[in-house]
Amino acid sequence: MEVIIQPDHDCAALLVARVIAKEIRAKPDLVLGLATGKTMEAVYRLLVRMHAAEGLDFSRCRTFNLDEYVGLAPGDSHSYRFYMNDHLFRNVNIDLRNTHVPDGMANDLGAECRRYEAAIARVGGIDLQLLGIGQAGHIGFNEPLSALRSRTRVKALTPTTVAQNAPLFGGADRMPRRAVTMGVGTIIEARRCFLLATGDSKADIIAQAVEGPITSMITASALQLHPRCTVVVDEAAGAKLKEKEYYRWIFENEPEWQDFR
Ligand code: F6R
């Protein structure tokens, strides 16, 4: 794992957007794993701007989202399909047929989960997986005690996650309690992972996920097993990390990051 500490949310989002843009330019048919949530909004805004200003070309990209709420239709403004169309897909030249979000309305959710895994396998796996982290330490909706080898499946949301996301629904009673999510095992098979976390509400969980033991209680800690995972935080989210000076030295000195300093 590598940790990059940026001064603020905007700088952290810009770094992630620039990495994604670089990967798309290097491999135009990149398979991107995407996350939703507040933290990612700035990343998508920047990618849209790069498309408009620099011609960043999404026409051959394939995308797979991490998760979707059970029971929400694509046209529901709270669904993650709606979020993706709104924040990214309809603002760039991506072919919507190449964008994939689990179907939370499927009659047979088990079959939908198997179909989703097969679709990822058919394109040869995910090249670059974008991740956020929930206050319960989840990646995707892999809540505490998710098996670290789990695959795409239905997961019940913890009270912490319900409390985190309920304001978006206008109250917990209006929010779905289950979601289809890629598994931890699915996520860590991506060739490269990028986790973005900003703000002081993420400081405790980032310190535990990055520097604490690997545990299914904090599924983001499974990223410690990944051979190529980068965690990008702002100063606030990185505040409780113990080895900050080491992480800063690596970012300032290692050639891999010279285009991003
Ligand atoms: C959403 C997802 C979640 C979020 C996480 C952080 O697709 O996978 O794991 O990334 O809950 O959400 P925000 O950014 O709203 O704090």
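The values are calculated or read from the model by the stated rules, or taken from the named source; none is laboratory data. Keep in mind the model is a prediction, meaning the values are calculated, not measured. Cβ sites come from the backbone with ideal geometry, for glycine too, and all protein chains shown count toward neighbours.
Assorted remarks:
- Selection over region 117-134 of residues that are outside any loop (DSSP other than H, G, I, E, B), surrounded by 14 or more Cβ atoms within 10 Å (Cβ to Cβ) and away from the ligand (no atom under 14 Å from the Cβ) gives a count of 4.
- Selection within region 138-161 - touching a strand residue (DSSP E or B) at 6+ places or on another chain (Cβ under 8 Å), in contact (Cβ under 8 Å) with a residue 40 or more places away in the chain and under 17 Å from Gly110 (Cβ atoms): Phe141, Ser146, Thr152, Arg153, Val154
- On inspection, Val210 qualifies as buried (at least 23 other Cβ atoms within 10 Å of the Cβ), over 15 Å from Thr39 (Cα atoms), away from the ligand (no atom under 14 Å from the Cβ) and at pLDDT 95 or above.
- Applying the criterion of being out of contact with any Phe, Trp or Tyr (no Cβ under 9 Å at 6 or more places or on another chain) and among the hydrophobic types (A, V, I, L, M, F, W, C) to the residues of region 234-261, the residue that is surrounded by the most Cβ atoms within 10 Å (Cβ to Cβ) is Ala237.
- Selection within region 212-242 - free of Cβ contacts under 8 Å to residues at least 40 places away in the same chain, under 29 Å from Gly183 (Cβ atoms), of a type in the set (D, E, K, R) and out of contact with any Lys or Arg (no Cβ under 6 Å at 6 or more places or on another chain): Lys240
- Residues of region 18-26 include none that is more than 16 Å from the ligand (Cβ to nearest atom), more than 30 Å from Lys202 (Cα to Cα) and assigned to a loop (DSSP other than H, G, I, E, B).
- Strands (runs of 3 or more DSSP E) lying entirely in region 28-82 (those with 3 or more residues that are within 12 Å of the ligand (Cβ to nearest atom)): 67-69
- Test for Gly71: is it touching a residue at least 60 places away in the same chain (Cβ under 8 Å), within 23 Å of Pro28 (Cβ to Cβ) and surrounded by fewer than 17 Cβ atoms within 10 Å (Cβ to Cβ): no
- Asp86 in contact (Cβ under 8 Å) with a residue 60 or more places away in the chain, surrounded by fewer than 16 Cβ atoms within 10 Å (Cβ to Cβ), within 16 Å of the ligand (Cβ to nearest atom) and at negative phi: no
- Members of region 213-227 that are near the ligand (Cβ under 10 Å from one of its atoms) and either modelled with pLDDT under 95 or within 26 Å of Ala21 (Cα to Cα) (or both): Ala220
- Matching residues, region 189-210, being free of Cβ contacts under 8 Å to residues at least 40 places away in the same chain, in contact with a strand residue (DSSP E or B) (Cβ under 9 Å, 6 or more places away or on another chain) and not small (Gly, Ala, Ser): none
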